[in-house]
Structure formats: C-alpha cells, structure tokens
1. GNM, the chain, Cα, under 10 Å: largest mean-square fluctuation among 96, 78, 42?
2. Would you work out the charge dipole size for the chain about its Cα centre, treating the Cβ of every Lys and Arg as +1 and the Cβ of every Asp and Glu as -1, and quote it to the nearest 20 debye?
3. List the residues whose amide H sits under 5 Å from the amide H of residue 178, counting only those 5 or more places along or on another chain, with H placed 1.01 Å from N in the peptide plane.
4. If you compute Cα extents along the principal axes in Å for the structure shown, which of (i) 59, 37, 36; (ii) 70, 54, 36; (iii) 50, 44, 40 do you land on?
5. For the chain, what's the relative contact order in percent, using C-alpha pairs closer than 8 Å and at least 6 residues apart?
6. Using a basic spin-label model with each label point 7 Å from the Cα along Cα→Cβ, how many nm lie between residue 194 and residue 246?
7. Step through the residues of region 176-193 one at a time and calculate ³J(HN,Hα) from phi using the Karplus curve (6.51 cos²θ - 1.76 cosθ + 1.60, θ = phi - 60°), rounding each to whole Hz and writing x for Gly and Pro.
8. Determine ³J(HN,Hα), in whole Hz, for all residues of region 236-250 in sequence, where each value follows from phi through the Karplus function 6.51 cos²θ - 1.76 cosθ + 1.60 and θ = phi - 60°; x replaces Gly and Pro.
Amino acid sequence: MDTLATAFREEIKKAMALTNVPAVVTGENVYQEGNNDILPILDKMARPLILPGSGVDGMENLEELLAKAESGKACLLLVEHYSNFDLSLVSLLVRLAGGRGDAIAKALIAIAGMKLNEDNPVVAAFASAYTRIVIYPSRSIKGLDEEKKRVELARSNAINRAAMKALEQLKTQGRLVLVFPSGTRYRPWDPSTKKGVREIDSYLRSFDYMCCVALNGEILHVQQTDMLNDVVCRDIIRITAGPVQSCVEFRDRARAAAEAAGNEDKKQAVVDAVMAELERLHIGAEEKRQKLLEEKHD
C-alpha cells in the first residue's frame, strides 16, 4: 500500500530542490505566486492515478464564471475538500477538459491555511505549485494556553489583515478565488470536518458570483498520522461545477430561511446552505461515477 512518501520519492526530491516557499508565514508573504517549475511534477504524479472516465461536468459553468471575472466581477469557487490533491485535480482536469480550461486554471487563486506552509516542507513544496493567499484559520488557535493564545492572536490578526488586503486587490482582476468551505480535509472519523466554517459567510458577502464544486473519487486517502502517510490509489475522478449564482441572492435566501426557521445564527446558516448545495452536487455526481466504475469492471 503506497503512501505519498513512498510512491513519489523522486518527485519529492525534485520539488524540494525547486521550491522557495516561505517556511514561516507573515503579513509580508501571504500572497504566494504558483511555481511553474513544480506544477509539471504535480501533474506527472496525478495523471497515472486518474482512471479513464474522469473529467469535468459543468465546464460551461466554470467558463461563465471566468467570463464574469474577466469583466471585473469578484468570483468565488466553493469546493469540497477531501485530500491534499484536490487543488491539483481541479487544476489538471479543467486543463484537460479543453475549451477555456487553461485560462480557468491560470485564473485560480486558492485560499490556503498556513499549515500547508509550516507543518511539513514536502507538503509546502507541493502546495507552492499553485497561486495562493495564505490565511491563519481561526480553528488553529483553539486549545492553546492563554499565553500562547495572546501571541498567536496578534500573529493571526496581522496575517489575516494582510490576506484580506491582498484578496481585495486581486478579486476583481480576472481571478477565480478558490475556497474550501469546510476549512480542512474531510476525515471520516471526525464528522465536524464536514461542517462549513462561519468565515465563509464573509466571502459571500464580499463577492459577486459563485459556483459550488463537488469532488467525487479520491486518489489520496487521508490518514490519522502525518500527511505524507496518506494512501495513494487509482480512481475515477469527477469534478462537478454547479450553476453560477449571485452571492447576494444565495446569501439572502439562506438568511431568510434561517429567520423563518427561528435560527439566530444566520452566518452559520449561510455556510450550511453552501455545504448542502455541495452535498447535493456530490450525491448526483456519485451516482454517475458508480455507473462508470461498474462499466469498467464488467
């Protein structure tokens, strides 16, 4: 059973030799441009793991969203999160889909937690293939003692202020801002990792248009130990982009439904509505993917 570390020893060496990703995130380096020398290494890793039948549904929705971004609108991709290969899969499969796939991939800016930079140099090297704005997730402060919490709160404020400034500057410059609403990879032994984080409401409040994107199939299975121990496998991967929606209208509907139900936490209600939309897309896509798997085994 191959892991990320055992299956890709040579690729790890090459990526580590090429990366210049900051090992410590500060307010001065939150915007990190993708490394075009490392991107082909990630593509080479993912391609043999993606089985025939993989691809993108709703490509026309992504192209519509890109057109809105190019017209100066702030556009958001809200994507399910299962593994550290998710961004690689989205980038690679939209490029392979043709049409405006290359332009869509180049327009992506991912919102990424600082853990990817600071916890493991190999994961940091891989992540550096893609353009990112790095944030300090609020959940990272939970569980710290009071002294450490004071220090980290000051650091998180500096990082997140800089990140939001960079986001404000870039979001209307033809870019597609990719956010994982759960804020972390889904781990089956921890149901809370499937719940969306409240901060996502702030993104919807400050963006014009959005697409929800479901990911079905996994080529990297998360483990309870180090990220490099995640298990590599081959699978049919389906990416499903839902329709382009007005962020204002989506948010207003979710808040109105929450009010009608007597739910006072309207921010969480908005995020829950996003997660429900992702789950709906995921279930529909999984039915299609299972049929493809059955045909493959016939």
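1. 96
2. Numbers: 40 positive and 43 negative charges, 103 e Å.
With Lys and Arg at +1 and Asp and Glu at -1, about 500 debye.
3. 77, 109, 110, 111
4. (iii)
5. Numbers: 530 pairs, mean separation 83.1, N = 298.
Relative contact order here is 28 percent.
6. The answer from the label model is 3.2 nm.
7. Running phi through 6.51 cos²θ - 1.76 cosθ + 1.60 with θ = phi - 60° gives 10, 8, 9, 10, 9, x, 6, x, 7, 5, 6, 10, x, 7, 9, x, 5, 6 Hz.
8. Each residue of region 236-250 in turn: 7, 10, 10, 9, 10, 9, x, x, 5, 10, 5, 4, 4, 5, 4 Hz.
Here, each number is a calculation from the coordinates, and none is a lab measurement. Everything numeric here is computed off the predicted structure, so don't read it as measured data. Every residue, glycine as well, gets a Cβ built from its backbone with ideal geometry; the counts of neighbours run over all protein chains shown.
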